[in-house]
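The structure under discussion appears below in the form of structure tokens.
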Amino acid sequence: MMAAASSLRGDAEQIWRAAIGAVDPQRLLAAAPAELLESLPAGRIVVVGAGKAAAALAAGLEERLAAAGFPPERLSGLVSVPEGCGRNLSSIEVRQTRPAGVNLPTTRVVTATAAMMKSLGRLGPDDLAVALISGGGSALLAAPRDGLTLDDKIAVTRFLSGAGADIGSLNTVRRATSAVKAGGLARSCTAGRLVVLVLSDVIGDPLDVIASGPCMPTPAEPDVALALLERFGASAAGVAPRIVERLKRDLATARPPQRSSPTGPNWQTADGCQVSHRIVGNNDTAVDAAAAAARSLGYATLVRHAQPGIPASLNHAEAIGRRLAAEGRELAAQAARDGRPRAVIEGGEATVVIPADHGLGGRNQQTVLAAVSAAANWPAGLLVASLGTDGEDGPTDAAGASADAAVAGTLRADRPALERALARCDALPILEQAGGLVRTGPTGTNVADVRIMLARP
């Protein structure tokens, strides 16, 4: 029994390390096609960017440009990253602008964003701008619109996140209240070209949602943002009333909103800058690597790539946990019947509705705790894990959680404590006590989450 549990844990670790390694930004840029930047400019290259992977993307870009013989004295830039993701580069400044595990903008973020937009506005037609965008970029690029404050934006983000709003809803409100999102970063650029390299943390890779689309010509849609504030109760609760008033003024004075951009990801700004986007990696990249690792370990492996548009009721951490518990029992039964180890690897990103009286945890920890709670019994040869590829699960230092028979048995031994932790979103303390936390530290990448189920006979 102990040997089987140890084997499952070791296999799971190999699998999730393979997933994270596959979306290492430097590796992705090294493997990208030769026409990554189309052509090198006669003038300067200025790099800007934000996100948990921005530093590693910048490092990979410096390597690519050095190999191509681009003069380092003509390369400069600034990227905004969380604490713990910094590094020293030759030409591009990496600025750590927010605390680790706190996915909210700070005054340092606002200062860095202003510096980026100013540098882009000094470029000419022979220059090239490169924007490095990855998950977490919404909180690492911030420029509140006139009349709004950083505190307004933080209050709304906190409220909506706690109410269970998904990333699309959050970013709709962010776009409507920001001068840098919804194409604002690109519109500040006066270079001849702006190439946007994107490491996607959003299922389906919608460029207007990833980091709130700082280089996408997306309409702000104040009417949709207002409807979301009403739907999630922010307006009724009196959260950031200046935002509500500003959106109402926008709606009263604006032309009827356009629901889609006619130009798409490749477009030209009013100053003549040609903007193009390239996806360099996404959740599927991590899931496929995890599945390959599982197969190499002898598991018959089922792969589920995450699909956009999943109903909210099915994407809550508790709903996913219940599903994994039911599927895990069947997976273990199949392995017991024919003696063949089995694995299920899937991607996605759950949501959590946080109660007012909440504890400490994250969506992946909540998912695993829900799976343990929902299981009528936990098969001896079953492991369920869920983790964020960025190494951060909610405002915690854990990437997620993993439960095998030993962890599940410890958690289920005190059923009232388990249910209290689940109801209060207080997964971290109880999982830590049971030995179920997964800690990777900041990974320097971010492509949403990977879930792993392993069953051995």
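Among the listed residues LEU57, LEU75, LEU8, which satisfies the condition of being of a type outside the set (Phe, Trp, Tyr), touching a strand residue (DSSP E or B) at 6+ places or on another chain (Cβ under 6 Å) and outside the structural domain of VAL130 (by TED's automatic domain parsing)? Talk me through it step by step, then tell me what you get.
Values: LEU57 fails: outside the structural domain of VAL130 (by TED's automatic domain parsing); LEU75 fails: outside the structural domain of VAL130 (by TED's automatic domain parsing).
Sole residue among the options that is of a type outside the set (Phe, Trp, Tyr), touching a strand residue (DSSP E or B) at 6+ places or on another chain (Cβ under 6 Å) and outside the structural domain of VAL130 (by TED's automatic domain parsing): LEU8.
Just to confirm my filter: which helices (runs of 4 or more DSSP H) fall fully inside the stretch 355-453 and include at least 3 residues that are within 26 Å of PHE159 (Cβ to Cβ)?
The qualifying helices (runs of 4 or more DSSP H) are 363-374, 415-423, 427-434.
What helices (runs of 4 or more DSSP H) completely inside the stretch 270-338 contain at least 2 residues that are under 28 Å from ALA374 (Cα atoms) and at pLDDT 95 or above?
Working: elements: 283-296, 312-315, 317-338.
Those helices (runs of 4 or more DSSP H) span 283-296, 317-338.
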Answer yes or no as to whether VAL180 is within 30 Å of PRO41 (Cβ to Cβ), of a type outside the set (Ser, Thr, Tyr) and either part of a loop (DSSP other than H, G, I, E, B) or in contact with a Cys (Cβ under 8 Å, 6 or more places away or on another chain) (or both). yes
Given the criteria in contact with a Gly (Cβ under 7 Å, 6 or more places away or on another chain), among the basic types (Lys, Arg) and modelled with pLDDT of 95 or more, does ARG424 qualify? yes
When you scan the stretch 31-40, do you find a residue that is under 30 Å from THR107 (Cα atoms) and either modelled with pLDDT of 95 or more or buried (at least 21 other Cβ atoms within 10 Å of the Cβ) (or both), even just one? no
Kindly provide the set of residues from the stretch 211-232 that are over 13 Å from VAL173 (Cβ atoms), touching a residue at least 60 places away in the same chain (Cβ under 8 Å) and in a loop (DSSP other than H, G, I, E, B), ordered by number. PRO214, CYS215, MET216
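Kindly indicate whether ASP201 is acidic (Asp, Glu), closer than 25 Å to ALA22 by Cβ and surrounded by 24 or more Cβ atoms within 10 Å (Cβ to Cβ).
Details: acidic (Asp, Glu): yes; closer than 25 Å to ALA22 by Cβ: yes; surrounded by 24 or more Cβ atoms within 10 Å (Cβ to Cβ): yes.
It is true that ASP201 is acidic (Asp, Glu), closer than 25 Å to ALA22 by Cβ and surrounded by 24 or more Cβ atoms within 10 Å (Cβ to Cβ).
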Considering only residues that are within 15 Å of ALA371 (Cα to Cα) and touching a Lys or Arg at 6+ places or on another chain (Cβ under 9 Å), which ones fall in the stretch 427-454? ILE430, ARG451, MET453, LEU454
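Is there a residue in the stretch 52-64 that is over 21 Å from GLY281 (Cα atoms), surrounded by 18 or more Cβ atoms within 10 Å (Cβ to Cβ) and touching a helix residue (DSSP H, G or I) at 6+ places or on another chain (Cβ under 6 Å)? Full working, then the answer.
So the first thing to find is which residues in the stretch 52-64 are over 21 Å from GLY281 (Cα atoms), and the list is none.
Looking for residues that are over 21 Å from GLY281 (Cα atoms), surrounded by 18 or more Cβ atoms within 10 Å (Cβ to Cβ) and touching a helix residue (DSSP H, G or I) at 6+ places or on another chain (Cβ under 6 Å), one finds none in the stretch 52-64, hence no.
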Exception for ASP404 within (1) over 21 Å from PRO457 (Cα atoms); (2) among the charged types (D, E, K, R); (3) crowded, with 19+ Cβ neighbours inside 10 Å falls at (1)
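The values are calculated or read from the model by the stated rules, or taken from the named source; none is laboratory data. In this text, all values refer to a predicted model and were calculated from it rather than measured experimentally. Glycine gets a Cβ as well: all are built from the backbone with ideal geometry, and neighbour counts include every protein chain shown.
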